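The values are calculated or read from the model by the stated rules, or taken from the named source; none is laboratory data. Not measured: the values here are computed from a predicted model. Glycine also receives a Cβ, built like all others from the backbone with ideal geometry; neighbour counts cover every protein chain displayed. Protein only, heavy atoms only, side chains kept; ligands, DNA and RNA dropped before computing areas. Shrake-Rupley method; radii C 1.70, N 1.55, O 1.52, S 1.80 Å.
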Amino acid sequence: MQLFIDSSDPKEILKAREWGIIQGVTSNPSLISKAGPDMRKTLDAILEASPGQVFCQVIGWHDKGPMMEQARWLHRYSDKIIVKLPFSIAGLQALQALKAEKREMPIAMTAIASVAQAYLAAKCGADVAAIFNGPLDQVLDQPVDIVAPIRTIYRNYGFTTKILSCGRFPRAFGEFAEAGTDICTMRFEFVKMLFEHPFTDKRLHGFADDWKAVFGDATWPKA
């Protein structure tokens with residue numbers, strides 16, 4: 001499973017990239033808006049900071065034409081961009097029309113909140129189905145439960161569509177991986193939490209205290 005960071009802040013992206021654990025970046029209209037009024041400057045900064053692909057969403061969801069125009073522009077802008085179309089009737093129409101024009105354009109359907117929607121996205125040719133697992137956590141006890149049925153359906157019908165899950169806590173990250181998610185995206189604060197566990201912290205401090213009691217500040221000899 002790949003790990004992407006959900007961010008429009010190049011400092012966050014570069015820090016997570018420095019840790020060597022992320023493969024790319026996801027963004028959305030809200031994140032781009034929070035970064036300031038210069039949308040192209042924000043996109044350029046994200047593209048430069050990202051170690052790989054960048055998900056970038058078109059604006060609107062009711063009108064196929066403008067979404068297609070934006071998708072074409074984003075695809076031309078950088079070969080790192082995966083175009084995100086919103087899940088809607090017009091979004092699915094735009095997806096099919098764009099794939100008929102240019103099969104190689106990578107397209108994700110976003111804001112998917114049900115198994116049925118994930119099926120339709122794959123059937124219409126989406127390369128990625130972006131599941132809103134994080135927000136689903138507000139109304140479901142187990143947001144991971146949606147992943148396994150989608151994985152089974154894709155396998156049953158030979159769909160090559162990848163599943164992208166939105167994670168909020170370390171436990172969900174592991175559960176998504178077990179269920180068969182291809183990409184997990186998390187905000188920076190949750191990516192940091194993947195490293196953290198009170199037992200790990202306690203043991204490392206214990207090791208250090210025991211060593212220091214006998215050897216002080218000495219370490220093993222350097223080569």
In whole percent, the fraction of accessible protein surface over the chain that belongs to carbon or sulfur atoms, probe radius 1.4 Å, stands at 56
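What value, in deg cm²/dmol to 500, does the helix sum -39500 (n - 2.57) over DSSP H runs of n ≥ 4 give at 222 nm once divided by the residues of the chain?
It lands at -14500 deg cm²/dmol.
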Answer in debye to the nearest 20: the dipole magnitude of the chain about its Cα centre, from +1 Lys/Arg and -1 Asp/Glu charges placed on Cβ, is 520
The answer for the longest stretch of the chain without any exposed GluC sites (Glu not before Pro) (DSSP loop, at most 16 further Cβ atoms within 10 Å) is 1-103
Note to self: C-alpha centroids of the stretch 19-52 and the stretch 81-121 sit apart, in Å, by 21
For residue 202, counting only lysines whose alpha-carbon sits under 28 Å away and dropping same-chain residues fewer than eight positions off, the answer is 15, 192, 212, 222
Partner lysines whose C-alpha sits under 24 Å from that of residue 102, ignoring same-chain residues fewer than 8 away, are 64, 80, 84, 123, 162
Note to self: with every protein chain in place and a 1.4 Å probe, the stretch 91-223 gives an accessible area per residue in Å² of 59
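Stokes-Einstein diffusion coefficient for the chain at 20 °C in a medium of 1.002 mPa s, Rh from the Kirkwood formula over Cα pairs: what value in µm²/s?
Estimated diffusion coefficient is 113 µm²/s.
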Residues whose modelled amide H sits under 5 Å from the amide H of residue 58, counting only those 5 or more places away in sequence or on another chain, are 84
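Can you give me the relative contact order of the stretch 1-113 as a percent, contacts being Cα pairs under 8 Å and 6 or more apart?
20
Given Cα pairs under 8 Å that are at least 6 residues apart, what percent is the relative contact order of the chain?
17
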